[in-house]
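Chemist: Sharing a structure below in structure tokens format, with a few things to ask.
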Amino acid sequence: ISEEYLDLIPTDEILDELAQVIGVVSFQLGIELGLPITSLDTIQYNNGRNLVAQCKDILFQWREDQRVKPTIGVLVQALVNIERGASCLGEIIKTVGVKKYIHHEKKEKEGKVKTLLKRLNLFQKRKQ
């Protein structure tokens, strides 16, 4: 994996693809990524025996965690630590590509603000 990618935050596409190949070590991956055991237990409970769904939840929850910047480099180290290796992530990056991750909540908030401003503007026009 190119060094220029290591400080980037993985996109939804990268995490979706990675969740497909992690398998039975998703719980260990969650621990390596710093998720609390209680969160991992909840994820496991909510997804039953669906390992891909468990892994997907773990990866997305990790990315949303505000304690550590969720970079591709952190993900590479966690994969190496669970003896999964980073080659699977490297292949996914080659296939999917790397682009800048944009946090969805920020988009949603901007959209809500615009909607609110439009409504406020319409309300003011009616008042006049």
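Chemist: Determine the pairs where a residue that is in contact (Cβ under 8 Å) with a residue 40 or more places away in the chain and farther than 13 Å from Ile58 by Cα, located within region 1-15, has a partner that is among the charged types (D, E, K, R) and crowded, with 18+ Cβ neighbours inside 10 Å with Cβ atoms under 7 Å apart, the partner being 6 or more residues away or on another chain.
Modeler: Taking only residues 6 or more apart or on different chains, the pairs are Ile9/Arg63; Pro10/Arg63.
Chemist: Can you pull out the residues in region 65-80 that are open to solvent by less than 60 Å² (accessible area, probe 1.4 Å) and either at positive phi or assigned to a loop (DSSP other than H, G, I, E, B) (or both)?
Modeler: Across region 65-80, the qualifying residues are Asp65, Pro70, Thr71.
Conditions (1) at pLDDT below 65; (2) more than 19 Å from the chain's Cα centre (by Cα), marked per residue:
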position	(1), (2)
Ala78	no, no
Glu83	no, yes
Leu89	no, no
Gly97	no, no
Leu117	yes, yes
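Chemist: Another question, then. Which one is nearest to the chain's Cα centre (by Cα), of the residues in region 12-36 that are open to solvent by 10 Å² or more (accessible area, probe 1.4 Å) and polar (S, T, N, Q)?
Modeler: So, considering only residues that are open to solvent by 10 Å² or more (accessible area, probe 1.4 Å) and polar (S, T, N, Q), the one nearest to the chain's Cα centre (by Cα) is Gln20.
Chemist: To continue, here is another question. What is the residue count in region 37-58 for residues that are within 19 Å of Pro70 (Cα to Cα), open to solvent by 70 Å² or more (accessible area, probe 1.4 Å) and of a type in the set (Asp, Glu)?
Modeler: Summing the residues that are within 19 Å of Pro70 (Cα to Cα), open to solvent by 70 Å² or more (accessible area, probe 1.4 Å) and of a type in the set (Asp, Glu) in region 37-58 gives 0.
The values are calculated or read from the model by the stated rules, or taken from the named source; none is laboratory data. Worth saying up front: this structure is predicted, and the values here are computed from it rather than measured. All Cβ positions, even for glycine, are placed from backbone atoms using ideal geometry, and neighbour counts span all protein chains on display. These area figures cover heavy atoms from the full protein model, side chains too; ligands, DNA and RNA do not enter into them. Shrake-Rupley method; radii C 1.70, N 1.55, O 1.52, S 1.80 Å.
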